[in-house]
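> Let me give you the structure first, and then I'll get to my questions.
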Amino acid sequence: MQSIAVIDYGMGNLRSVVKALEHVAGKNHRIELTSDPVRVLQANRVVFPGQGAAGDCMRAIDEYGLRETIIEAATSRPFLGICMGMQVLIEHSEENRGTDCLGFYPGRARYFGDNHRDSDGEKLKVPHMGWNQLYQRSRHPLWNKIDDGERFYFVHSYYFESDDKNLIVGECEYGYSFTCAIARDNVFALQCHPEKSAEAGLQLLSNFIEWDGQS
Amino acid sequence: MPLAKRIIPCLDVDNGRVVKGVKFVEIRDAGDPVENARRYNQEGADELTFLDITASSDNRETMAPVVEAVAAEVFIPLTVGGGIREMADIRRMLNAGADKVSINTAAIINPEFVKQAADKFGSQCIVVAVDAKKVSVDGEADRWEIFTHGGRKSTGIDAIDWVTKMDQFGAGEILLTSMDRDGTKTGFDNVLTRRVSEAVRVPVIASGGVGNLQHLGDGILEGKADAVLAASIFHFGEFRISEAKAYLQAHDIEVRF
């Protein structure tokens, strides 16, 4: 029996993530929504989701005493960050007048801005909400059976920006190109919501369940 | 513009059953929410909205199981509206598997509710539904006000002021219904939609009045809507979502297939 822990730190709606994982996981997998550090580190795989603001997320992570647990999970087993669970892996976010994050990767989460426009000068709404194309920038087992340029469901106002370009495995365009998926070793994280991205999203979750953590 | 414009079918739910569902012959029970949701998902709906029209609060408890059943099988964003009055209502719907809730009357009664809800659950799951009606007469500058009770009761609140305020209060999206057009099948009020879309930072869903596919395209091109919501043209099998998408794509509108 393999287990997948979905880290629950009270941020947003995690039911969708659990339901989607249950949908794709076979009988040999147990999905557990937990905020218990021990349970998280007993799991074979860890999913780190998150919604809401960076400041609240970081506060919640500390209130639940999960900071070390998240770092340890991200250094030791297949680890999937989703949405805020990607952004807080970075050093710093511009959100909430500046929030220090986990610092697992160098860089910062930046705001699209109140006057975000495309190259034709058309106003772009913030949050970036809806189905956008995900361009695969390097090969990765989690892209297995997913077309390059496939649409995923996004909802966010901040985006991940790192000087470490080797982290980038996926990009998306909204006014400009931004990093929407990163990977290194046993970690894969993405800005969009695979649990809400219909078939392509379910495929990605299924790939994660089968992934051995080698990039 | 790689971000796709969204098509959102809206399903009316009464006492746990879809009352204006998809009328497809192969479906044994047209009132089954899961069947309806699955069908729309297969056709390429970008999101689903469930509107709880259950009149009595006793029967409201029937909405959570509906959401739960749909969320276990359909993996696209789900919004629930109707009867969302307090934080506990939001929590119940999110726990059942909804991704967003739409708040209408409760926001008018207490605008702070929107702020509290956005703070607590995040703006991404708070949709503010706005029912607007034109109040200016010919010769005057266009003006719309917010109405309640299905468009019968005016609040005296200016629609543009209201959506701006809701944006500032943390609404993640505005669901805008023209009460002048709702049910008329004459198309969205695109002047209103455009004003609202230009006034706010957040996405705007146009609603009310769709009678054909051109209306959907007009809402996006003229109304500058980010998403279009329709009920009856999809319910009665008049048009499939896939046909609507093909139409929009033929008119150079970015859609997801």
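The values are calculated or read from the model by the stated rules, or taken from the named source; none is laboratory data. Everything numeric in this text was worked out from a predicted model, so none of it was measured. Because the Cβ atoms are built from the backbone with ideal geometry, glycine has one as well, and the counts that use them run over all protein chains shown. All accessible areas refer to the heavy atoms of the entire protein, side chains included, with ligands and DNA or RNA removed. Shrake-Rupley method; radii C 1.70, N 1.55, O 1.52, S 1.80 Å.
> So how much accessible area does A:L202 have, in Å² to the nearest 10, using a 1.4 Å probe?
10 Å²
> I would also like to ask the following. According to the square roots a ≥ b ≥ c of the eigenvalues of the Cα gyration tensor, what is the shape class of region A:2-210, taking rounded for a/c under 1.5, prolate for a/b larger than b/c otherwise, and oblate for the remainder?
Cα axes put region A:2-210 in the oblate bin.
> When you take every Cα atom in region B:127-243, what is the radius of gyration, and what is Dmax, the widest Cα pair distance, in Å?
Radius of gyration, then largest Cα-Cα span, for region B:127-243: 13.7, 41 Å.
> Given that compact globular proteins tend to follow 2.2 N^0.38 Å, what is the ratio of the alpha-carbon Rg of the protein assembly as shown to that value?
That works out to 0.94 for the protein assembly as shown.
> Still on this structure, please answer the following. Taking amide H positions as placed 1.01 Å from N in the peptide plane, with prolines and chain starts having none, which residues 5 or more places from B:E86, or on another chain, fall under 5 Å of its amide H?
Counting only residues 5 or more places away or on other chains, the set is empty.
> Please give every one of the lysines within straight-line cross-link reach of A:K27, meaning a C-alpha to C-alpha distance under 19 Å, and leave out same-chain neighbours fewer than 8 residues apart.
Cross-link targets: A:K19.
> Which percent of the accessible area of chain A is formed by carbon and sulfur heavy atoms (probe 1.4 angstrom)?
Ligands and nucleic acids excluded, carbon and sulfur reach 39 percent.
> Whose amide H sits under 5 Å from the amide H of B:R143, counting only residues 5 or more places off or on another chain, with H placed in the peptide plane?
Under 5 Å from the amide H of B:R143: B:V135, B:S136.
> If you average the C-alpha positions of region A:193-214 and of region A:87-140 separately, how far apart do those two centres end up, in angstrom?
What the calculation gives is 21 Å, centre to centre.
> Shifting gears a bit: Based on the alpha carbons, how large is the Rg to Rh ratio for chain B when Rh follows Kirkwood?
We get a ratio of 0.94 for chain B.
> Also, I was wondering about something else. Would you mind checking B:K23/B:K185; B:K134/B:K224; A:K123/B:K185; A:K165/B:K115; A:K196/B:K224 for any pair whose Cα atoms are more than 27 angstrom apart?
Going by Cα-Cα distance, A:K123/B:K185; A:K165/B:K115 fall outside the 27 Å limit.
> Mind listing the phi-derived Karplus ³J(HN,Hα) values for region B:192-199, rounded to whole Hz, using 6.51, -1.76 and 1.60 with θ = phi - 60°, and x for any glycine or proline?
The phi angles translate into 4, 4, 5, 4, 5, 4, 6, 7 Hz.
> Same structure again: Return the whole-Å distance between the Cα centroid of region B:186-257 and the Cα centroid of region B:58-84.
One Cα centre to the other: 24 Å.
> Right, here's the next one. Running a GNM on chain A with Cα contacts under 10 Å, which residue among A:Y176, A:Y64, A:Y111 ends up with the highest mean-square fluctuation?
A:Y176
> Another question, if that's okay. Taking only C-alpha pairs under 8 Å that are 6+ residues apart, what is the relative contact order of region A:2-210 in percent?
RCO, region A:2-210: 20 percent.
> Next up: Shape call for region B:62-153 from the C-alpha gyration tensor, a ≥ b ≥ c root eigenvalues: rounded (a/c under 1.5), prolate (a/b greater than b/c) or oblate?
It comes out prolate by the Cα gyration axes.
> I would also like to ask the following. Determine the shielding of peptide B:65-78 by partner chains: average, over its residues, the number of Cβ atoms on other chains within 10 angstrom of each Cβ.
That works out to 4 on average.
> FRET efficiency for A:K123 and A:I71, Cβ-Cβ distance as r, R0 = 35 Å, nearest 0.05?
E between A:K123 and A:I71, to the nearest 0.05, is 0.35.
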